[in-house]
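Values quoted throughout were computed directly from the atomic coordinates according to the rules given, and no laboratory measurement underlies them. The structure displayed is predicted, hence computed values, not measured ones. Note: ideal-geometry Cβ built from the backbone for every residue, glycine included; neighbour counts use all protein chains shown.
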Amino acid sequence: MKTITFLLVISMTSICGCSSSTATGNTNLTQSYNNTVNEYRIQPGDTLDIKLFYNPELNETLTVRPDGRITLQLVNDVVAAGRTPSELTSVLTKAYSNELANPKVAVIVRTSTADKVFVDGEVNRAGMVTLAGPTTVLQSISQAGGMKDSAKSDQVLILRRGEDNKVAVLQLNLQNAVTGTDISQDIVLRPNDIVYVPKSAIANVNSWIDQYIRKNVPLPIGLGYSL
């Protein structure tokens, strides 16, 4: 007579799970990554207020088209996407100078399509989170319904695309932020960041048991089953 115990399976799989769950990201990235915020660059879908102080009849509220351009009175099509508001102001000032004497132009971003982040992984409501002002990682996770019990809060990853279009990966220990040991781990997010909360080793073990044992073996499951 043989006795199959799932305690042994859990113990052995836990060891494997711990060794395979080591994050590939460098934890030093959190300290070395430049977290300064660059000036916002206009994107397609953004709504812009174009104001001319001495010529209010030319004021307009426009949405940047999918091709990145806006169409204005007197100056026709102008590329807006990819430029900062100050850069677009300079371009429009030069363009209006051909039609107006000493134009004073202001570009105001009324609404931005980039004011969002994405929260995925072991959270209760994975998906897009709208940024209403400066938002930290923990605040975005809270808006996503909080972490599940299966979350590994000490290895949360942030995927952030830079101006060179390269993706930087930051690994954060939010457990230390929650306990107050190191609140610097709870960084302020940037538009279009991706927050990924991984699954803990024990959660991976439970998923393995559920997938390969409970769903594939048509037998009543208990701590011990005698053959």
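Label sites at VAL169 and LEU74, each approximated as a point 7 angstrom past Cα along Cα to Cβ, lie 5.2 nm apart.
Tell me, THR84, THR181 in order of fewest to most beta-carbon neighbours within 10 Å?
THR181, THR84
Proximity of backbone amide H atoms, modeled 1.01 Å from N, is registered between SER200 and ALA151, LYS152 at under 5 Å, excluding neighbours fewer than 5 places apart on the same chain.
For ASN59, neighbours were defined as the other residues whose beta-carbon sits under 11 Å from its Cβ, and their charges (Lys and Arg +1, Asp and Glu -1) total -2. Under the criterion of Cα pairs below 8 Å and six or more residues apart, the relative contact order for the stretch 47-111 equals 41 percent. Each part reduced to its alpha carbon centroid, the stretch 44-111 and the stretch 126-202 end up 36 Å apart. The alpha-carbon positions of the stretch 47-111 define a convex hull whose volume is 73 Å³ per residue. Modelled label positions at GLU39 and THR61, each set 7 Å beyond Cα in the direction of Cβ, lie 2.5 nm from each other. Residues ASP154, ASP46 in ascending order of nearby Cβ atoms (within 10 Å, fewest first): ASP154, ASP46.
Remark on ALA80: its backbone amide H falls under 5 Å from those of ARG69, ILE70, a criterion applied only to residues 5 or more positions apart or on other chains, H modelled at 1.01 Å from N. With neighbours defined as other Cβ atoms within 10 Å of a residue's Cβ, the residues LYS166, LYS148 order from fewest to most as LYS166, LYS148. Sorting the segments 61-68, 183-190 by their mean number of nearby beta carbons within 10 angstrom, highest to lowest, gives 183-190, 61-68. As a calculated quantity, the FRET efficiency between LYS51 and LYS116 at R0 = 30 Å, using C-beta atoms, amounts to about 0.70.
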